[in-house]
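Engineer: I'd like to ask some things about the structure below.
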Amino acid sequence: MRILGKKLRTYVERPMFEQAISFYEKLHNTACEHRYDIHDGSINVAMVGDIMIFSGIPEALAEIRHIQATFLVDALDDFLLLLIARGAEVLRVTYNDRLGRHLWMRNPDDLVVDYLERGIS
């Protein structure tokens with residue numbers, strides 16, 4: 001059971017989306033690796049280095065804005081048991097999307113994390 005990677009999340013207004021991507025591309029000295037839409041296109045996502053940039057309509061962003069990070073994990077069910085045993089709170093039970101299987105947790109230090117096991121659909 002391992003954390004395979006971590007992504008910090010940032011949320012920007014739609015007019016700032018391209019500017020934020022450009023900023024993080026220059027900061028990381030790398031191109032945007034992925035772009036995709038979620039929630040029927042109401043939220044746009046871009047990944048640059050260890051940053052996930054979210055933009056979209058305010059109502060859609062309000063549902064996810066509290067999530068501060070994404071941890072890529074190799075065994076989501078095992079992490080769920082470990083996190084609960086260590087005092088974390090389940091905010092949203094597991095669900096699947098095109099990226100994989102997700103679990104939203106509030107860690108004991110109040111960090112809100114989307115735990116993601118990739119490739120599970």
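The values are calculated or read from the model by the stated rules, or taken from the named source; none is laboratory data. Note that the structure is a prediction, hence the values are computed from the model and not measured. Ideal geometry is used to build each Cβ from the backbone, glycine not excepted, and the neighbour counts take in all protein chains shown. For the accessible areas, the whole protein counts, side chains as well, though only heavy atoms, and no ligand, DNA or RNA atoms are used. Shrake-Rupley method; radii C 1.70, N 1.55, O 1.52, S 1.80 Å.
Engineer: Probe radius 1.4 Å, ligands and nucleic acids ignored: give me the carbon and sulfur share of the accessible area of the chain as a rounded percent.
Structural biologist: Using a 1.4 Å probe with all protein chains present, the chain comes out at 53 percent carbon and sulfur.
Engineer: Calculate one ³J(HN,Hα) per residue across segment 100-109 by plugging θ = phi - 60° into the Karplus curve 6.51 cos²θ - 1.76 cosθ + 1.60, and present them in order as whole Hz with x for glycine and proline.
Structural biologist: x, 10, 10, 8, 9, 10, 9, 5, x, 8
Engineer: For segment 52-121, give me the percentage of DSSP beta bridges that are antiparallel, rounded to the nearest 5 percent.
Structural biologist: Working: 13 of 17 bridges.
Beta bridges within segment 52-121, antiparallel portion: roughly 75 percent.
Engineer: Quick one: if you stick a label point 7 Å off each Cα along the C-beta vector at residue 40 and residue 6, how many nm between them?
Structural biologist: So the two model labels end up 3.6 nm from each other.
Engineer: Going toward the positive end of the dipole of the chain, with +1 on Lys and Arg Cβ and -1 on Asp and Glu Cβ, which of 95, 54, 83 do you reach last?
Structural biologist: Toward the positive end, the furthest listed residue is 83.
Engineer: Once phi is turned into ³J(HN,Hα) by the Karplus curve 6.51 cos²θ - 1.76 cosθ + 1.60 with θ = phi - 60°, what whole-Hz value does each residue of segment 48-55 show in order, with x for glycine and proline?
Structural biologist: Rounded to whole hertz, the list is 10, x, 9, 10, 10, 9, 10, 8.
Engineer: Roughly what % of DSSP beta bridges within the chain run antiparallel, to the nearest 5?
Structural biologist: Expressed as a percentage, antiparallel bridges in the chain total about 75.
Engineer: Still on this structure: If you add up the charges near residue 73, with Lys and Arg at +1 and Asp and Glu at -1, over every other residue whose beta carbon is less than 13 angstrom from its beta carbon, what do you get? Intermediate values should be presented prior to the final figure.
Structural biologist: Values: positive: 2, 6, 7, 101, 118; negative: 74, 77, 78, 114, 117.
Its environment carries a net charge of 0.
Engineer: Here is a further query. Please determine, in degrees from 0 to 90 and to the nearest 10, the orientation of helix 17-28 with respect to the longest principal axis defined by the Cα atoms of the chain, where the helix direction is its Cα long axis.
Structural biologist: Taking the Cα atoms of the chain, the angle to 17-28 is about 70 degrees.
Engineer: Express the accessible area of the chain per residue in Å², computed with a 1.4 Å probe while the remaining protein chains stay in the model.
Structural biologist: 56 Å²
Engineer: Have a look at 42, 17, 69 and report the one farthest towards the positive end of the charge dipole of the chain, computed about the Cα centre with Cβ charges (Lys/Arg +1, Asp/Glu -1).
Structural biologist: Projecting each Cα onto the dipole axis, the largest value belongs to 69.
Engineer: Follow-up question, since we're still on this one. Taking only Cα atoms, what is the 0 to 90° angle, nearest 10, from helix 76-85's long axis to the longest principal axis of the chain?
Structural biologist: 60 degrees
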